[in-house]
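Following: one structure in structure tokens, then a few remarks.
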Protein chains: 2
Amino acid sequence: MMETPYYLIDRSKLAANMAKMDYLREASGAKCLLALKCFATWPVFDTMRDHMDGTTSSSLYELKLGHEKFGKETHAYSVAWADHEIDEAVSYADKIIFNSASQLERFDNKTANIKRGLRLNPGFSTSGFDLADPSRKFSRLGEWDVEKLHLYADRISGVMIHYNCENDDFDKFSTQLERIEDEFGSFLQKLEWVSLGGGIHFTGENYPLDKLAARLKAFAEKFGVQVYLEPGEAAITGTASLEVTVLDLLENEKKLAIVDSSVEAHMLDLLIYRESARMESEGEHAYMICGKSCLAGDVFGERSFKEPLKIGDRLSIGDAAGYTLVKKNWFNGVKMPSIVIKELDGSLTLCREFGYDEFESSHG
Amino acid sequence: MMETPYYLIDRSKLAANMAKMDYLREASGAKCLLALKCFATWPVFDTMRDHMDGTTSSSLYELKLGHEKFGKETHAYSVAWADHEIDEAVSYADKIIFNSASQLERFDNKTANIKRGLRLNPGFSTSGFDLADPSRKFSRLGEWDVEKLHLYADRISGVMIHYNCENDDFDKFSTQLERIEDEFGSFLQKLEWVSLGGGIHFTGENYPLDKLAARLKAFAEKFGVQVYLEPGEAAITGTASLEVTVLDLLENEKKLAIVDSSVEAHMLDLLIYRESARMESEGEHAYMICGKSCLAGDVFGERSFKEPLKIGDRLSIGDAAGYTLVKKNWFNGVKMPSIVIKELDGSLTLCREFGYDEFESSHG
């Protein structure tokens, strides 16, 4: 039995998402690029490569990873490139997308020979979290002044507009896209391509894929552009869990189960966004599932079971793919979860284990 | 010039903290163990080793690091040990401190030959953050029932009571220690040692070290125990900065400077506790200092300068030692800061650089 903790990525679930990806690409004509900021576990890229058009990135390292491990089309975006990065970035990229006109100016000569874009900030978004809202006050993300954008129309061939965040409401998406058409249409029609970014939850259950495809197709035709999507979560939602073992059982007004993992080290967004882990409850034995780090608030959430828990029981914590493995860290020296793949035949492949030497070496 | 980003650890500042450490140890008789959960950058342990009595830990890996890289006395604490860890833990530890009576029971035989302790939760703390408050409702940290503790008096030789958090108020410390004396005194006098944990900010400016020393000495004499402290932040406060470079300058109601780092990847607690980085302002040119990750809320804080910033300017972000390097991660593939030591003669030693290969290898 595989030693916990480990992230378990299920290829068959990934394939199910990829089937929807194919359907959307086919029906809409849009290209789909995996957003590596959300998920960069390259040992499963072979299950994704035939069903997506490439990758997009947030840094030089993600760009290189996308180029080398995924291949196909590689979009290079970064909030800011450093002088010493730009030549290497250009060497990997099909398109480079600048966050600001000032970055485009700075690297104008060095990027004259590849397709370029700018990030357009439409001034609104679907994010309910201020932390994740690109249209928050004083946002540094993208250009929003359409007059200014027009000045760059001859130097760029497209724009990236990332403004959705786990948006599972097609009507909201469509209405907001209409605003973009109205406010930026005169500029968009000068372009060859428009990326609508990520954050559209189109692989979710009951999402009206056909409507989305038709909407994207109409948008593409209206402005004569190639549409890109940059799915992160939508590509890998529901495909991974964090597998843990119960180490101790306590009681302090509630029953507490301590597992061999930690929210802060292994599932950081639960802490940052103060959310609870996705765990299915069944039965009447309720426990608070807690991590083993020193942090008082290291709590995954509450869950009920049919039988009382025992030390040694294994638990599966859902929703562990997106923005999870990419943020794992050595807080408290808690053993970093291995990366395990559930193959299509159900067998498990241990593809990466992290040990003491790496913990030591992370500090000096 | 050293390429940014890098954490810069200053040996002379560390030595200044160590002088206070020596003073307190000498005057109080208390032993001081470095809390590795806060700071584990072992290349500077040689500046600390002669002035502290050893280390304490939160996991098997921290325990091993303390044993191998620091030496001297090694306390082994963990919220929960796994069955497969306990023999190895005993092999490194001078004392093993269990979080719960159930863990002590579980590993009673395997730990019979070394000194043992339990964590005592006094039911109050100084933490202003629920997340970091060990006495929060439903806390899983330690035993609090004095009747239950008495049952284990013959199997343990001491307790660890960690309930302070950046407490720079001596009177508050003293009053709370009085509560501990009153409520747990009958139990404490059965013990050989009592660790009062970390979180006492005794290396801060104007902290009344003499009063603290006298108070600890009186406590030790009253109960006939060896007192331990487990300083984390107090050992390394003010000794490190995060050195970054300005990559882009924008304006969106405020002036924005984007630097080659990221709060989430390199200074995580600013995000978790929603705080601003420590940066000294001088002058009238105000900027919001922002990270380069995709996160909309990747903001270090606001700072004013005498002159307008230029691209390429270097900034120093303070307070980067405690709970900072131990949490760094590869979010967004932002280059992980190198670890650089400022030697006593002012020269800089690059002691660790993190590159693309490690980013790639963190994912598979």
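The values are calculated or read from the model by the stated rules, or taken from the named source; none is laboratory data. Just so it is clear, the model here is predicted, and its values are computed rather than measured. Here Cβ is always computed from backbone atoms with ideal geometry, including for glycine, and neighbour counts include all displayed protein chains. Each accessible area value is taken on the protein alone, full model and side chains, heavy atoms only, with ligands, DNA and RNA left out. Shrake-Rupley method; radii C 1.70, N 1.55, O 1.52, S 1.80 Å.
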Options B:PHE354, B:PHE359: the member that is touching a Gly at 6+ places or on another chain (Cβ under 6 Å) and under 22 Å from A:ALA89 (Cα atoms): B:PHE359
Sole exception among (1) touching a strand residue (DSSP E or B) at 6+ places or on another chain (Cβ under 8 Å); (2) in contact (Cβ under 8 Å) with a residue 40 or more places away in the chain; (3) open to solvent by 10 Å² or more (accessible area, probe 1.4 Å) for B:LEU315, by number: (3)
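Any idea which of B:SER135, B:SER125 is surrounded by fewer than 19 Cβ atoms within 10 Å (Cβ to Cβ) and of a type in the set (Ser, Thr, Tyr)?
B:SER135
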Residue list for segment B:329-345, restricted to those being buried (at least 24 other Cβ atoms within 10 Å of the Cβ) and outside any strand (DSSP E or B): B:TRP330, B:PHE331, B:ASN332, B:GLY333, B:VAL334, B:LYS335, B:MET336, B:PRO337
Test: residue in segment A:99-109 that is under 24 Å from the mean Cα position of the chain (by Cα), under 21 Å from A:GLY198 (Cβ atoms) and open to solvent by 10 Å² or more (accessible area, probe 1.4 Å): no
Count - residues of segment B:197-219 that are within 22 Å of the chain's Cα centre (by Cα) and part of a helix (DSSP H, G or I): 4
Test: residue in segment A:229-240 that is outside any helix (DSSP H, G or I), crowded, with 21+ Cβ neighbours inside 10 Å, touching a helix residue (DSSP H, G or I) at 6+ places or on another chain (Cβ under 9 Å) and among the small types (Gly, Ala, Ser): yes
Any chance B:ASN113 is at pLDDT 95 or above and surrounded by 20 or more Cβ atoms within 10 Å (Cβ to Cβ): no
Conditions (1) within 14 Å of chain A (Cβ to nearest Cβ); (2) surrounded by 14 or more Cβ atoms within 10 Å (Cβ to Cβ); (3) acidic (Asp, Glu): number failed by B:ASP357: (2)
Test: B:ALA89 is of a type in the set (A, V, I, L, M) and out of contact with any strand residue (DSSP E or B) (no Cβ under 8 Å at 6 or more places or on another chain): no
Pairs with Cβ under 9 Å, 6+ apart, first in segment A:120-134 and more than 7 Å from every other protein chain (Cβ to nearest Cβ), second exposed (fewer than 15 other Cβ atoms within 10 Å of the Cβ) and hydroxyl-bearing (Ser, Thr, Tyr): A:PHE129/A:TYR273
Single residue of segment B:312-337 satisfying the filter (of a type in the set (Gly, Ala, Ser) and away from chain A (no Cβ under 11 Å)) that is farthest from B:ASP269 (Cα to Cα): B:SER316
Options A:PHE187, A:PHE173, A:PHE138; residue that is of a type in the set (A, V, I, L, M, F, W, C) and in a loop (DSSP other than H, G, I, E, B): A:PHE138
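Here is a yes/no grid of residues against (1) of a type in the set (Ser, Thr, Tyr); (2) touching a residue at least 24 places away in the same chain (Cβ under 8 Å):
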{"position": "B:LYS211", "(1), (2)": "no, yes"}
{"position": "B:ALA218", "(1), (2)": "no, no"}
{"position": "B:SER241", "(1), (2)": "yes, yes"}
{"position": "B:LYS254", "(1), (2)": "no, yes"}
{"position": "B:ILE272", "(1), (2)": "no, yes"}
{"position": "B:GLU284", "(1), (2)": "no, no"}
{"position": "B:LEU309", "(1), (2)": "no, yes"}
Residue within segment A:187-207 that is of a type in the set (D, E, K, R) and either more than 22 Å from A:LYS95 (Cβ to Cβ) or surrounded by fewer than 13 Cβ atoms within 10 Å (Cβ to Cβ) (or both) present: yes
Test: residue in segment B:243-252 that is surrounded by fewer than 24 Cβ atoms within 10 Å (Cβ to Cβ), in contact with a helix residue (DSSP H, G or I) (Cβ under 9 Å, 6 or more places away or on another chain), in a loop (DSSP other than H, G, I, E, B) and at pLDDT 95 or above: no
In segment B:15-48, the residues that are open to solvent by 40 Å² or more (accessible area, probe 1.4 Å) and within 16 Å of the chain's Cα centre (by Cα): B:TRP42
Candidates A:VAL194, A:VAL159 - the one that is in a strand (DSSP E or B) and either closer than 24 Å to B:GLU253 by Cα or of a type in the set (Ser, Thr, Tyr) (or both): A:VAL159
Residues of segment A:253-273 satisfying the condition of being farther than 12 Å from B:VAL79 by Cβ, within 9 Å of chain B (Cβ to nearest Cβ) and in a loop (DSSP other than H, G, I, E, B): A:GLU253, A:LEU268
Odd one out for A:TYR287, checked against (1) assigned to a strand (DSSP E or B); (2) within 8 Å of chain B (Cβ to nearest Cβ): (2)
Residue list for segment A:138-151, filter: open to solvent by 30 Å² or more (accessible area, probe 1.4 Å) and at the interface with another protein chain (Cβ under 7 Å from one of its Cβ atoms): A:PHE138
